[in-house]
Amino acid sequence: MPNIKSAIKRVRVAEKKTMNNSIIKTKYKTAIKKYETANAEESKDASELLSLAKKAIDHASSKGVISKNAASRKKSRLEKKLAVKPEAKKKVATKKAEKKEEPKAEEKKTTKTTAKKTAAKTTTKKATKKED
């Protein structure tokens, strides 16, 4: 325990701030958990609970309990969970696989033609050097 009067006060203030920060932190964590359980059960209240969780995260961010970037990251992850259901993930994955296959075939065509063009350029450069 400190002996100096100002140090004693700083200890008291730090304890109060720690208590307030822990209260704010538990509020936003419970809001997130409520939303995640509702979203997992696919209840209709999930979107309402999402807005409450985002509000709690913003409050924690404004009070300095979590940083602005951490708050933004947490909110975006929660939104992604609401937007993408397991069935939708499968559809998105198949669409991405189809898109990935098509450009590869086109890339091979372009690389062959560019290789021919570069080979033709080098041969013409060599021929012009020999003539000079």
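Numbers below:
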read-out	value
Sole residue being polar (S, T, N, Q) and in contact with a Leu (Cβ under 9 Å, 6 or more places away or on another chain), chosen from Ser43, Ser6, Ser62, Ser76	Ser43
Output for region 1-53, where each listed residue is exposed (fewer than 12 other Cβ atoms within 10 Å of the Cβ) and touching a helix residue (DSSP H, G or I) at 6+ places or on another chain (Cβ under 6 Å)	Pro2
Elements of type helices (runs of 4 or more DSSP H) contained in region 31-132, each with 2 or more residues being closer than 28 Å to Met19 by Cα, at pLDDT 90 or above and of a type outside the set (Ser, Thr, Tyr)	46-62, 68-83
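The values are calculated or read from the model by the stated rules, or taken from the named source; none is laboratory data. Quick caveat: nothing in here was measured; it's all calculated off a predicted structure. Backbone-built Cβ (ideal geometry, glycine too); neighbour counts: all protein chains shown.
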